[in-house]
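The structure appears right after this line, and notes come after that.
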Amino acid sequence: MEERIIDEEYGRGIRMKKTKDGEVDVTDATVPETEEETGEEALFEFPDLEEDDEELATLTPEEALELKRRRAEEAKKRAEEYDVLMKEGEALTQAGEYKTAVEKYKKATELTPEPTEAIVGYWRARTAGYTDAAVLFEAYRNDDFEEFVGDVGEEAALEIKEGLKEVVAKRLETLKIEGEPLEKEIGEKQEARRAVIQKRLSSARLWFFATAVPALVTLILTVYFGVSINTRPDRLFVWVTIGCAVGFLATFIAFCAAANKYYNARRINRKNERLSSTEEGKKLLAIRAERAFFEALISFEPEEVELPEEFADEE
C-alpha cells in the first residue's frame, strides 16, 4: 500500500491513515510499519503554521488552509488598494490638491505594516509640497521632536527632513532675526524690574521677621501667665495676661500685614522671572520652542545600532 509521510517542524515524520472504521490513525514515521497495520491513507497535508498564530493553532488543517487563503486574498486586496491610493495621492499632490491628497495618504498608512512611504507622502502633502514647515511644528507644538520621530519612524523622519531642509533653514534665519532683539529687550526689562523688586523684597522680609518675633514672644507670655493666673493671690497675673494678650493682638495684626506684603513681593519676583507672565515673554518662548524643534529636525540623523561582537565578527 502506498504510504505518505508528512514532515513535522522538528524533522520527525508522522504517518496518517484512515482505518476501516473511518478513524484516523497517527503514528511515528520512524517506527517500522507492521503487517497488521492496514488502512487507507488520509490524503491531506498540514499547512505551514506560524508559531505565534494562536488562531491557526486551534483550527483543523483544512480550516487553517482556508483561513490562510482568505488572509492572502485580503492582503492582496489591501496591497492593490494601497497602490491605488498612493498613485492618487501623488497625482493630487502634483496638482496642488493637498487637502485631498492628505486624506488619500492617511488611508494608505492604514493598509500596510510598512507605512513609511505613505507617511512621507502624507507630510509632503500636508506641508504643501514641502513649502510650509510651520504646519509640522504646529502639529507637535505641545510635544517634542522625539515624539515626532516616534510617530513617523526614523526613515520617514529623515526623508521629511530632506524635503523641508531649505524651508526650515530659511525659517530658522527668520526666527533668529526675530528672537535676538526680543531676547535682549526682555532681558533688559527683567533686569530693571529685578533691581526694584529685590529692594522691595528685602524690605518686606525685614518687616516680616520684625513683626513675627514680637508676635511669637507675646503669644508665649500670654499662654504662660494665663496658665499661672491663679498662682498669686493679688491677681497680678490677671493684668499681666491681659496686657500680653493685647500686645499679641497688636503685633499679630502687624505680622499679618507684613506677611501679606512679603508674600506679594515674592509673587511679583517669581512673575518677573517667568517669561510666560508677559506677552513679549510668551512670544519669546514660542520662538524658542520653534527654533528648538527645527534645529533638532535639521540635525537629525538615525541612530546607529551597534551589533554584538559575535555578529560583528561574522560580517
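The values are calculated or read from the model by the stated rules, or taken from the named source; none is laboratory data. Remember, it's a predicted structure, so these values are computed and weren't measured experimentally. Methodologically, a virtual Cβ is constructed for each residue, glycine included, from the backbone with ideal geometry; neighbour enumeration extends over all protein chains shown.
Which residues, counting only those in the range 230-283, are of a type in the set (Val, Ile, Thr) and in a helix (DSSP H, G or I)?
VAL238, VAL240, THR241, ILE242, VAL246, THR251, ILE253, ILE268 - these are the residues of the range 230-283 that are of a type in the set (Val, Ile, Thr) and in a helix (DSSP H, G or I).
Picking from VAL149, VAL135, VAL120, VAL168, which residue would you name as being surrounded by fewer than 18 Cβ atoms within 10 Å (Cβ to Cβ), under 25 Å from GLU290 (Cβ atoms) and within 24 Å of the chain's Cα centre (by Cα)?
The unique qualifying residue is VAL135.
Do we find that THR112 is out of contact with any His (no Cβ under 6 Å at 6 or more places or on another chain), polar (S, T, N, Q) and within 25 Å of TYR82 (Cα to Cα) in this structure?
So THR112 passes the test.
Please find, among ILE186, ILE177, ILE197, the residue that is closer than 19 Å to ALA289 by Cβ, outside the structural domain of MET86 (by TED's automatic domain parsing) and either among the basic types (Lys, Arg) or touching a helix residue (DSSP H, G or I) at 6+ places or on another chain (Cβ under 6 Å) (or both).
Matching residue, one of ILE186, ILE177, ILE197: ILE186.
Which of the residues belonging to the range 252-283 are at pLDDT 95 or above and among the β-branched types (Val, Ile, Thr)?
The answer is ILE253, and nothing else.
For the list (1) modelled with pLDDT of 95 or more; (2) not in a helix (DSSP H, G or I), I need the number of the one condition that TYR122 fails.
Answer for TYR122: the failing condition is (2).
When residues of the range 187-232 are filtered for being surrounded by fewer than 16 Cβ atoms within 10 Å (Cβ to Cβ), hydroxyl-bearing (Ser, Thr, Tyr) and within 16 Å of ALA258 (Cβ to Cβ), how many remain?
The number of residues fulfilling the criteria is 2.
Which condition number in (1) modelled with pLDDT of 95 or more; (2) not in a helix (DSSP H, G or I) is the one that LEU216 fails?
Only one criterion in (1) modelled with pLDDT of 95 or more; (2) not in a helix (DSSP H, G or I) is unmet by LEU216, namely (2).
Mind telling me which of the residues ALA292, ALA286, ALA312 ends up being farther than 29 Å from ALA204 by Cβ, part of a helix (DSSP H, G or I) and modelled with pLDDT under 90?
Of ALA292, ALA286, ALA312, the one residue that is farther than 29 Å from ALA204 by Cβ, part of a helix (DSSP H, G or I) and modelled with pLDDT under 90 is ALA312.
ILE229 is checked against (1) in contact (Cβ under 8 Å) with a residue 12 or more places away in the chain; (2) under 30 Å from GLU154 (Cβ atoms) and fails just one. What number does that condition carry?
(2)
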